[in-house]
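*Asks:* One structure coming up, written as structure tokens, with questions to follow.
Just so it is clear, none of the values below were taken in a lab; they were calculated from the coordinates. Keep in mind the model is a prediction, meaning the values are calculated, not measured. Methodologically, a virtual Cβ is constructed for each residue, glycine included, from the backbone with ideal geometry; neighbour enumeration extends over all protein chains shown.
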């Protein structure tokens, strides 16, 4: 129903129409279609909607990988499976455990050749609940659009991990920009590295939320 | 009404894991030995040598209890692949007597006696012939038993004395079975425990119950155990004749010289075979695995499993069979071993029965999700290669790259016992890094004067690091740093000794501050990990 084309001079009629629209929408329990995000990202991004695409964007060293891993933890915390496509085999396994991922429901595909990347992501979208995929450089827009459609059809959350040199060429439901921050704890020659609190900007549609992740 | 089970001969090598362990390590011959495997609650004893058994070590005992009974006990982990390889020699010896042998598991093999008994002049003659063949091959530990049905034959072999076979007359098997305690049913569902608590300590008492009542109370698994206790065939229906098109073949080109490749192909075959059988409502209890090499050598073995075979169990058995053949560890002489790569693997179901189904979890939940993920990951292995799809198994270590083990999908991972692994002395402090580089990214860690920072033998840095220069981060200024933490790995080994130092460095790049773990070894600095 194109509500925007109605004459805006009659607010009462418009309000009645909105109410009828609300009553006749098919009712799907929102609870069944979302995954709760655990950990420090929760105040900014409380839930992942199944079938959506959440792009985690950040340069190397900003904390983007850890943020993406906490999205994978959302799936394993609910008893489901998560998988990661790691293009150059550099993912640290222990960091997954520290981000809250249950390692017995977590799989990593290491050193996938770039020409097989789209096939590999498509295969994983069929089987697990959250797929975190590093975007290769020069990823094709056609492949990316097909993967978005497949994720929506299967109800899997796709989390592409992009960066300034490898952007995600298709649409996304939510974009999480991780901007990094200072590292506390280390001084010149003394101290130990403590957990950092990176600045994160979550953009979903027109809403934008900026915050600092608690350590 | 079902016919009584056919006469079967069973060759049983008692404590086969112990025999294999002793063969592999001759120093263990004088010591009491126990072989343990991972059970539901830690390590339990699977087999014990004679002297260990005299001290009180029994099958099913926990490892600590076994060590408490018998001080000086040598405890070894079970190695099913080595046991299967070594059992291949026994299989070849018995194959000379009859071709129809069926391998149950390493240590036990059976075959129907109808043909060979007539040829060798009765059951006694057959036993003497098999005994002579085994003695020739120096396998005097084996015991032989004949009874109706494989279950009865296995128990008869257990009661047989060394060198003399036990022959249970035809039709006397139910009476023979009646004396045995219910623990011999060896059921995975704890049926024996339940039966003994219900006041049925002997198989005779269990067999006396009406079968309909047993089926109602204990389900299909209990009904199968009941049939075994009565001395009948485990599956009531006559084995369904196998449709000829159910054979699964895989031709390997180029030929597989490593067991892994052939086993991976066989796993795909096993999955396909079981899917097709499931579509027909059947499951198979006996499978013939045939393998052929480039030079035309063939090896065919019939495998049977007590409960129905699953694709994973079948793939494991194929791996055992090919392992012994390809590596030539069989021991009986080189003319039987494979001399070239494997070109063909064929799976032929030998005995199929109607499937009684598998009870899924009530809410579908974990098991269904796990199956879906398993199928997707196996397909991904086909796309990206079997070694690419891995799971994370944390183990102890100092550097981040040493603290995880990447276990390929499909292989067993031993999860560490307990929720928290104890801390590893010498481990890098701080949160675990998200990016670990192996091999390290080459960088230069420079002091304020532009010279590389070195660490003396006493652990003192030559200068404070001021710049981190390399391809990964460009020319970055060091804002904060920690260390150096000297490392001297394997100092006792002149060849493998590695000395270096660890640094925590926070470098400022145009985007953000990047914290990394830098290792300086032999004058060369490298980024081991980035805390992303």
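*Asks:* Would you calculate, for the protein assembly as shown, the mean residue ellipticity at 222 nm contributed by helices, counting each DSSP H stretch of 4 or more residues as -39,500 (n - 2.57) and dividing by all residues, to the nearest 500?
*Replies:* On the way: 19 runs with 224 residues, N = 747.
Calculated at 222 nm, the ellipticity per residue is -9500 deg cm²/dmol.
*Asks:* Mind checking the mean number of beta-carbon atoms from other chains within 10 Å of the Cβ atoms in B:380-388?
*Replies:* On the way: counts 14, 2, 1, 9, 11, 6, 0, 2, 11.
Averaged over the peptide's residues, the number is 6.
*Asks:* Given the C-alpha centroids of segment B:242-319 and segment A:65-123, what is the distance between them in whole angstrom?
*Replies:* 32
*Asks:* Here's something else I'd like to know. Where a ≥ b ≥ c are the square roots of the eigenvalues of the C-alpha gyration tensor, would you call segment A:45-166 rounded, which needs a/c under 1.5, or, failing that, prolate if a/b is larger than b/c, or oblate? Can you show the working numbers first?
*Replies:* Working: a/c = 1.41, a/b = 1.12, b/c = 1.27.
Note, shape of segment A:45-166 comes out rounded.
*Asks:* In what order do B:88, B:251 fall by count of nearby beta-carbon atoms within 10 Å, going from fewest to most?
*Replies:* With the fewest neighbours first, B:88, B:251 line up as B:251, B:88.
*Asks:* In terms of the Cα gyration tensor, with a ≥ b ≥ c the square roots of its eigenvalues, is segment A:85-133 rounded because a/c is under 1.5, prolate because a/b exceeds b/c, or oblate?
*Replies:* On the way: a/c = 3.05, a/b = 1.40, b/c = 2.18.
Since a/c reaches 1.5 but b/c is at least a/b, the shape of segment A:85-133 is classed as oblate.
*Asks:* Quick check: the angle from helix B:211-229's long axis to the longest principal axis of chain B, C-alpha only, nearest 10 degrees?
*Replies:* Value to nearest ten degrees: 80.
*Asks:* For helix B:365-384, what angle does its Cα long axis make with the longest principal axis of chain B, in degrees from 0 to 90 and rounded to 10?
*Replies:* The angle comes out near 70 degrees.
*Asks:* Separate question: Just want the ordering: B:124, B:261, B:460, from fewest to most Cβ atoms lying within 10 Å of their own Cβ.
*Replies:* Values: B:124 13, B:261 17, B:460 10.
Final ranking by Cβ density, sparse to dense: B:460, B:124, B:261.
*Asks:* Something else about it: Over what distance in Å are the Cα centres of segment B:4-24 and segment A:135-161 separated?
*Replies:* 55
*Asks:* In addition: Based on other C-beta atoms within 10 Å, arrange B:110, A:36, A:174 from fewest to most.
*Replies:* On the way: B:110 25, A:36 12, A:174 18.
Ranking B:110, A:36, A:174 by Cβ neighbours within 10 Å, fewest first, gives A:36, A:174, B:110.
*Asks:* Post the alpha-carbon centroid distance, segment B:173-220 to segment B:458-515, in whole angstrom.
*Replies:* Cα centroid to Cα centroid, the span is 67 Å.
*Asks:* Please average, across the residues of A:62-72, the number of beta carbons from any other chain that are within 10 Å of each residue's own beta carbon, and give a whole number.
*Replies:* Details: counts 6, 6, 2, 6, 7, 2, 2, 2, 0, 0, 0.
Mean partner-chain Cβ count within 10 Å for A:62-72: 3.
*Asks:* Report, for segment A:28-125, the % of DSSP beta bridges that are antiparallel, rounded to 5. Kindly include the intermediate steps, with their values, before the conclusion.
*Replies:* Details: 3 of 8 bridges.
Percentage antiparallel, nearest 5: 40.
*Asks:* Same structure, new question: Using a ≥ b ≥ c from the Cα gyration tensor of segment B:127-277 (square roots of the eigenvalues), is it rounded, prolate or oblate, where a/c under 1.5 gives rounded and otherwise the larger of a/b and b/c decides, a/b for prolate? Display every interim value, and only then the final one.
*Replies:* Values: a/c = 2.27, a/b = 1.30, b/c = 1.74.
In terms of gyration-tensor shape, oblate.
*Asks:* A further question on this structure: State the antiparallel share, in %, of DSSP beta bridges confined to the protein assembly as shown, rounding to the nearest 5.
*Replies:* Values: 113 of 144 bridges.
Counting only bridges with both partners in the protein assembly as shown, antiparallel ones make up about 80 percent.
*Asks:* Report for chain B the percent antiparallel among DSSP-assigned beta bridges with both residues inside it, nearest 5. Before the final figure, lay out each step's value.
*Replies:* On the way: 94 of 102 bridges.
The antiparallel fraction comes to roughly 90 percent.
*Asks:* Would you mind checking the tilt of helix A:117-127 against the longest principal axis of the Cα atoms of chain A, expressed as 0 to 90 degrees and rounded to 10?
*Replies:* That helix lies at roughly 70 degrees to the long axis.
*Asks:* Follow-up question, since we're still on this one. Count, for each residue of A:123-134, the Cβ atoms from other chains sitting within 10 Å of its Cβ, then give me the mean as a whole number.
*Replies:* Partner-chain Cβ atoms within 10 Å, mean over residues of A:123-134: 4.
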